[in-house]
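A quick write-up on the structure given underneath.
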Amino acid sequence: MSEKIRFDSLPLSEGIQEAVKEMGFEFASPIQSEAIPFVMEGRDVIGQAQTGTGKTAAFGIPMIEHIVPFEKYVQAIILCPTRELAVQVSEEMKKLSKFTKGVWVTTVYGGDSIDRQIKSLKAGANIVVGTPGRVIDLIERRALKLNQTSMIVLDEADEMLDMGFREDIESILEEIPNERQTVLFSATMSKPIMALTNRYLTNPKLVKVVKNEITNVNIEQLYFDVKGRAKMEVTTRLIDFYSLKLVLIFCNQKKRVDEVVEELMLRGYAAEGLHGDLRQSQRTQVMNRFRGGNVSFLVATDVAARGLDVDNVDAVINYDIPLDEEYYVHRIGRTGRAGKSGKAFTLVVGAERNRLRDIMNYTKVKIDKGVIPTFSDVVGVKKGMFIDRVGATIAEGGLELFDDALPNFQHAGFTVEQVVAALVKMNMGVVKNEFGDENLEGDMERSSRKYGRDERGGGGGRFERGGGGDRWGGGDRGGDRRGAVRFERGGDRGGDRGGRFERGGDRNSAPRGPRVDRDGKPYKSDENMVRLVVNIGFNEKISPSNIVGAFAGESGIPGNVLGQIQIENKHTFVDVPKEYANVVLDKMSGAQIKGKRVNVDIAKADK
């Protein structure tokens, strides 16, 4: 849809129009323009849209319009994959229904008092927003009754399926009368999603935001080639140079979040972290402080930040480049909202530039290379800000009490220039460190030689598909790199295959024989590595990034220390450094990969 539609041109009630106006919305987003008319008609709808496209209003406005006011039974329910998203959606629904009397919204999710939620339901709620697990719990306690519910929305359905909620979703759908309206929103249209829609939706209308509409045009996107050890220095220089006040910083691992928060605080930046190890009450407090501006820099993992809704984020910094292209879109969508401009900075180390290329291919947007501000650049910006503040103070007047300050300095033997310079230095708090005069830009050519295939026998942690082009690169991330290997997909390429992951031929063909090294001998793990086996493989459409993400996310180990990953039809072999093996076995016990609960054990040959 190329033509923008004004909200005041849509056939909406006076209460909704007033709420939309107060929220600052003038034009409907593409997904709202397409979905609202069909949902208003009462049709089943499949919406394909990412976070940040305005999908909550796309289903929320028609839902509120259909509610019979002042009736206290549950007329509509919205299912969300996480507590954070449920809270975000609930807050949005309350804003949209602010001027519509007799509409009551209640939120239910795990990690909070179920007694308080039961009390809220008994008080009367005609719209319920919740996570599948808590909804099932309340249904079993007979505190939540859906026998009169006429509308259900599955928000971010793909995430719910990936998290293993399929059975819960189906159980909830069975509790709702067949004569209902079902609306499903998902970022992807995978086979499990289509199976769900084929079973539970009736003649649905498909609406979607195409990829070139996903990436917000209000966001300035830049990447910076950096040396791995200089990531923090570059991050703080970007914050200072662009005078960023509210920043969301993304890391791939919980451990990295804690490290970045600690370093920022040591440098004097008000930062807090958000990841899965925090209790729900702690996460809520952190997010509220960030929303309120009491914390300027929030460092988070992708999963923990899901559902975080803050309109005034100046910039998103990808401290770690995301492992999945869709995560990039989710991340940068946190800035540049409500018609405001925003910035998205991505720090790229060494061979990670190949993953950046994947992101550009996916989003169909060229991300330009940025110039890292020098120490002098940062000092210059701070000087200018100081001069502006001094000018404003002089303009305010009332300086008579301090007229004798300068003569006192001069009597003490200081020149005017020395006094001004000292005051500027004290005010700015800038101290030149070991990076002051160093070139912080990464050397791509040198990185390629240093971690090239000839020297490492494995290609520096790259992931190649077919004839090349798409690569997953670990890059120069510091630490022990002995586990870096090369993963390769495609047909028979011949030649040297040592230390590489190979997909083999047809996925439906029989599993390959015993693994062999480059000399054709039976493969053996490095003596410093332990080979683990996971009971999941190609049959579940597993990729190396799924394995790396799960191992790193659950156990907290750096993803780049993993060795060879060999995916078979029904299981996957993963080489893990000996010192991490017990941690991985413990943390991965009962964990899920792509919604499937997995078992991890030491491979038989290594026992």
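The table for this structure:
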| quantity | calculated |
| --- | --- |
| Per-region count, the stretch 552-583, residues assigned to a loop (DSSP other than H, G, I, E, B) and under 24 Å from the mean Cα position of the chain (by Cα) | 4 |
| Residues located in the stretch 584-607, provided they are surrounded by 16 or more Cβ atoms within 10 Å (Cβ to Cβ), in a helix (DSSP H, G or I) and under 28 Å from the mean Cα position of the chain (by Cα) | V584, L585, K587 |
| Which numbered condition N354 misses (of (1) in a helix (DSSP H, G or I); (2) in contact with a strand residue (DSSP E or B) (Cβ under 9 Å, 6 or more places away or on another chain); (3) at pLDDT 85 or above) | (3) |
| Scan of the stretch 198-213 for residues that are at pLDDT 90 or above and either surrounded by 20 or more Cβ atoms within 10 Å (Cβ to Cβ) or not basic (K, R) (or both), ordered by number | N198, Y200, L201, T202, N203, P204, L206, V207 |
| Verdict on Y319 being at pLDDT below 85, in the same structural domain as M265 (by TED's automatic domain parsing), among the aromatic types (F, W, Y) and closer than 28 Å to P558 by Cα | no |
| Qualifying residue in the stretch 91-106 (condition: assigned by TED's automatic domain parsing to the domain that holds I36, in a strand (DSSP E or B) and at pLDDT 95 or above) | yes |
| All positions within the stretch 29-41 that are more than 11 Å from K205 (Cα to Cα) and either in contact (Cβ under 8 Å) with a residue 40 or more places away in the chain or within 25 Å of the chain's Cα centre (by Cα) (or both) | S29, P30, I31, Q32 |
| Subset tally (residues that are touching a Phe, Trp or Tyr at 6+ places or on another chain (Cβ under 9 Å) and not in a helix (DSSP H, G or I)) for the stretch 314-333 | 10 |
| The stretch 523-551 - residue that is over 26 Å from the mean Cα position of the chain (by Cα) and among the basic types (K, R) and, of those, modelled with the lowest pLDDT | K524 |
| Selection count where residues are more than 23 Å from H330 (Cα to Cα) and buried (at least 22 other Cβ atoms within 10 Å of the Cβ), scope the stretch 235-264 | 1 |
| Filter pass, Q75 being at pLDDT 90 or above, crowded, with 22+ Cβ neighbours inside 10 Å, over 25 Å from the mean Cα position of the chain (by Cα) and assigned by TED's automatic domain parsing to the domain that holds Q148 | no |
| Residue list for the stretch 59-108, restricted to those being free of Cβ contacts under 8 Å to residues at least 60 places away in the same chain and in contact with a Gly (Cβ under 7 Å, 6 or more places away or on another chain) | P69, F70, K72, M93, W104, T107, V108 |
| Residues (of a type outside the set (D, E, K, R) and exposed (fewer than 15 other Cβ atoms within 10 Å of the Cβ)) located in the stretch 172-188 | P177, N178, T188 |
| Checking T131 against (1) more than 25 Å from the chain's Cα centre (by Cα); (2) buried (at least 21 other Cβ atoms within 10 Å of the Cβ), the condition it does not meet | (1) |
| Meets criteria (of a type in the set (A, V, I, L, M, F, W, C), surrounded by fewer than 20 Cβ atoms within 10 Å (Cβ to Cβ), part of a loop (DSSP other than H, G, I, E, B) and assigned by TED's automatic domain parsing to the domain that holds D112) for A125 | no |
| Output for the stretch 145-203, where each listed residue is assigned to a strand (DSSP E or B) and among the small types (G, A, S) | S186 |
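The values are calculated or read from the model by the stated rules, or taken from the named source; none is laboratory data. Bear in mind that the values here come from a model prediction, so they are computed numbers and not experimental data. Counting neighbours? That spans all protein chains shown, and the Cβs are built from the backbone with ideal geometry, glycine included.
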